[in-house]
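A short reminder: the numbers here are calculations on the coordinates, not readings from a lab. As the structure is a prediction and not an experimental result, all values here were calculated from the model. As a convention, Cβ positions derive from the backbone with ideal geometry for all residues, glycine included, and neighbour counts pool all protein chains shown.
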């Protein structure tokens with residue numbers, strides 16, 4: 001580790017995350033140079049009247065849940081009330097983001113999770129660049145979508161919302177801990193159909209009917225390796241599948257709830273509903289036997305070195321923390337592992353995509369190796385993969401070094417994100 005002036009920082013001294021001397025001493029600057037990343041991509045600055053190049057105010061973003069019956073304007077009015085209740089100054093209010101519907105920004109210092117509208121599930125936090133990546137899938141209700149690296153779940157929540165909970169969303173992640181956070185979002189934002197636990201006996205029939213699995217919607221979470229995941233949108237997990245576990249399945253949840261209601265009042269109509277529940281589940285199992293059941297849309301937001309995520313970098317508050325991050329996560333062996341993982345995830349996601357379908361590949365790294373190089377190698381292997389141009393007029397992003405790809409950087413008030421939109425030819 002290179003030395004820096006003692007009076008400016010010691011290994012345990014709390015420092016600004018963008019301290020250039022700490023970047024140099026920890027080896028982070030060397031990583032940036034080796035991967036074609038400029039410091040100006042990460043550190044957002046603007047000229048002030050005095051020309052001091054002060055750092056811009058950081059923003060956080062949230063999305064209004066599309067299914068809210070009274071619309072975004074009513075939700076935002078409640079958010080403003082919540083801000084005042086939380087003691088946030090009157091001059092601070094949500095600002096709409098014109099280029100991604102339902103998105104709004106607030107200063108990063110605003111405690112979003114403390115707002116009642118957040119706790120009620122009317123809004124959810126998601127970075128604007130990630131939201132833009134999801135929007136590029138051009139989702140239509142009734143489609144079947146695979147989110148191959150779904151945790152911690154904000155993008156999967158947005159996918160389900162855009163589908164209007166018609167069709168299906170299948171989330172896969174290898175991290176059990178992060179998948180737990182995703183499961184919490186799935187239940188908080190009601191992405192699975194469940195009946196009311198407090199229904200009176202006279203309402204049991206209606207409650208059980210509402211909880212019956214619908215062929216119009218299915219939400220599933222799998223703890224599995226995205227490189228080898230092999231379950232189609234209408235397929236079923238089998239117990240002999242290697243290292244795979246179903247964490248959430250809305251059909252299973254609905255079936256379980258229907259049975260619980262049936263135990264309260266086991267009349268003829270309740271038994272009929274239970275039989276319909278079983279038939280729905282059995283029908284899904286039979287559908288899995290049909291060949292070529294593939295996804296309409298696939299999102300591969302691959303694991304990376306997180307070098308473009310200011311949120312991650314800001315957690316490094318000392319020279320020791322920076323040096324540990326560089327030595328553990330940016331060493332040559334770890335980068336090689338990540339590059340192989342990214343390539344395998346992209347290949348498998350494309351394999352599970354139907355012809356004519358769309359795949360969006362993204363990472364929160366700004367590394368040329370993890371983005372353009374992985375993509376170029378993939379396109380060389382797959383003659384049926386073609387890049388789709390991305391409209392960027394009025395959007396604060398830059399073109400990538402492969403035509404039709406884009407890059408968001410922290411210098412443009414967003415988290416860093418590389419995005420490529422790929423179509424599988426007919």
*Any chance you could run the full-extension gain for residue 391 through residue 66? It's 0.36 nm times the residue separation minus the Cα-Cα distance, nm to one decimal.*
114.7 nm
*Efficiency by 1/(1 + (r/R0)^6): what FRET value for residue 329 and residue 73, r their Cβ-Cβ distance, R0 = 60 Å, to the nearest 0.05?*
0.90
_Cα-projected label distance for residue 337 with residue 190, points at 7 Å along beta-carbon direction, nm_ = 4.2 nm
*So how do 171-181, 83-93 stack up, highest first, on mean other-Cβ count within 10 Å?*
171-181, 83-93
_If packing is taken as the average count of other Cβ atoms within 10 Å, what order do 329-335, 182-188 fall into, highest mean first?_
182-188, 329-335
*residue 344 to residue 40: FRET efficiency via 1/(1 + (r/R0)^6), r the Cβ-Cβ distance, R0 41 Å, to the nearest 0.05?*
0.80
*If the chain between residue 164 and residue 177 were fully stretched, how many nm would it gain, using 0.36 nm times the residue separation less the Cα-Cα distance?*
1.9 nm
*Between residue 246 and residue 320, 0.36 nm times their residue separation minus their Cα-Cα distance comes to what?*
22.7 nm
_Computed FRET value (nearest 0.05) for residue 384 with residue 91, which takes r as the C-beta separation and R₀ as 56 Å_ = 0.60
